[in-house]
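The values are calculated or read from the model by the stated rules, or taken from the named source; none is laboratory data. Here the structure is a predicted model, which is why all the values come from computation and not from measurement. Every residue, glycine as well, gets a Cβ built from its backbone with ideal geometry; the counts of neighbours run over all protein chains shown.
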Amino acid sequence: MSKTKDTPATNPTTSPIDWPRFVEIVQAHRRFLLTTHIRPDCDALGSTLAMGAILESLGKDVSIVVGYDVPANLRWIDRGGKILRLGKDISDEEVDAVDVLMVLDTSAWAQLSHLEDVIRRTKAQKIVLDHHVNGDELGAEEFRDRGAEATGRLVVEAADALGVELTAEMAARLFAAISTDTGWFRFPSAGSDCYRLAGRLIDAGASPPAIYAELYENETLARLRLIGRTMARAETDLDSRLIYTWITRDDFDATGAAPTDSEDVVNMTYSVSGTEGAVILVEQPEGGFKVSFRSRCKMDCSEVASQFGGGGHKAAAGAMVHEPLETARSRVLDAVRQAMR
């Protein structure tokens, strides 16, 4: 197994993150609370769980706390049951007793609604570890690299800075984080450094076949039916350069699919030849539509998403639109057409 000190994840002279300051904070405190965003993906959960394990290896007391149940399709990433549900597995008193509150993979209030009260009232030092372009002011010290392909990379760099050797379990979670945020290494963000990092995680014990099987070979019939309905209504525009579709709550009810079954469906639309931009609107159980944007052209998804209070990256971003489907779809498509022209 390779040691982190021998195979650094990045050149410290080029990293935009002040890792010595990060190390200083970690070394000065004992009790940590880690959290991430609602509707979590593998980068959110894998990065948070791996960061927790890194801190525990240094003798720190770590609680990973969220305000939701982990989606069924991602429970494999937390077989040890480390993630705690606020108000169910951990009390407010325990949450408030920490020294450092670390938010990973977001700094947007809209994505932290489950812990907003905790974040606002805490007297703990607050840290953000994130790779997204934009976010809100949380009153936290930010460790952000907008050029990183995933927050998982930043967690590897944190391990390097702290002198922690990656275990096989850490490596598996981080491989899942990075591979999913790069579309299994097919997005432009997956450069040569990303492949080198993936190789390092494999050397540390990550098994790509096992992770791929968990991610993409555990489909349910309900999800396949949901995908079928979604693809059947897909439409193109701008001489087939733009493809879009949508999912309603009626689709979930008719197929028996779970809300998390809509993840990654937008990326499937790219299989249509000639497409350069993609959009999907997914109606949420609590109301409104989650909009996902994808681009492999000049369109900056983060800029389009920001028009609707969202954010993300140039090639992939998201937002919430609280309007009826026809209105939401019309507004979103108008903004995307403008960005793609």
A210 being among the small types (G, A, S), in the same structural domain as V26 (by TED's automatic domain parsing), at pLDDT 95 or above and touching a Gly at 6+ places or on another chain (Cβ under 6 Å): no
First in the range 270-285 and over 20 Å from K314 (Cα atoms), second anywhere and exposed (fewer than 14 other Cβ atoms within 10 Å of the Cβ) and charged (D, E, K, R), Cβ under 9 Å, 6 or more apart: E283/R249; E283/D250; Q284/R249; P285/R249
Among (1) out of contact with any Cys (no Cβ under 9 Å at 6 or more places or on another chain); (2) part of a helix (DSSP H, G or I); (3) in contact (Cβ under 8 Å) with a residue 24 or more places away in the chain; (4) of a type in the set (A, V, I, L, M, F, W, C), there is one condition A305 misses while meeting the rest; what is its number? (3)
Does L162 fit the bill of being surrounded by fewer than 20 Cβ atoms within 10 Å (Cβ to Cβ), in the same structural domain as H313 (by TED's automatic domain parsing), more than 19 Å from A72 (Cα to Cα) and touching a residue at least 12 places away in the same chain (Cβ under 8 Å)? no
May I ask you to list the residues in the range 138-182 that are part of a loop (DSSP other than H, G, I, E, B), in contact with a Pro (Cβ under 8 Å, 6 or more places away or on another chain) and closer than 15 Å to S47 by Cβ? D145
Would you list the helices (runs of 4 or more DSSP H) that sit entirely within the range 201-263 and hold 1 or more residues that are without any contact (Cβ under 8 Å) to a residue 24 or more places away in the chain and farther than 28 Å from I77 by Cβ? 221-232, 249-255
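Yes/no per residue for (1) within 24 Å of R75 (Cα to Cα); (2) outside the structural domain of T48 (by TED's automatic domain parsing); (3) modelled with pLDDT of 95 or more; (4) of a type in the set (G, A, S):
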| position | (1), (2), (3), (4) |
| --- | --- |
| R146 | no, no, no, no |
| G152 | yes, no, yes, yes |
| A168 | yes, no, yes, yes |
| W184 | yes, no, no, no |
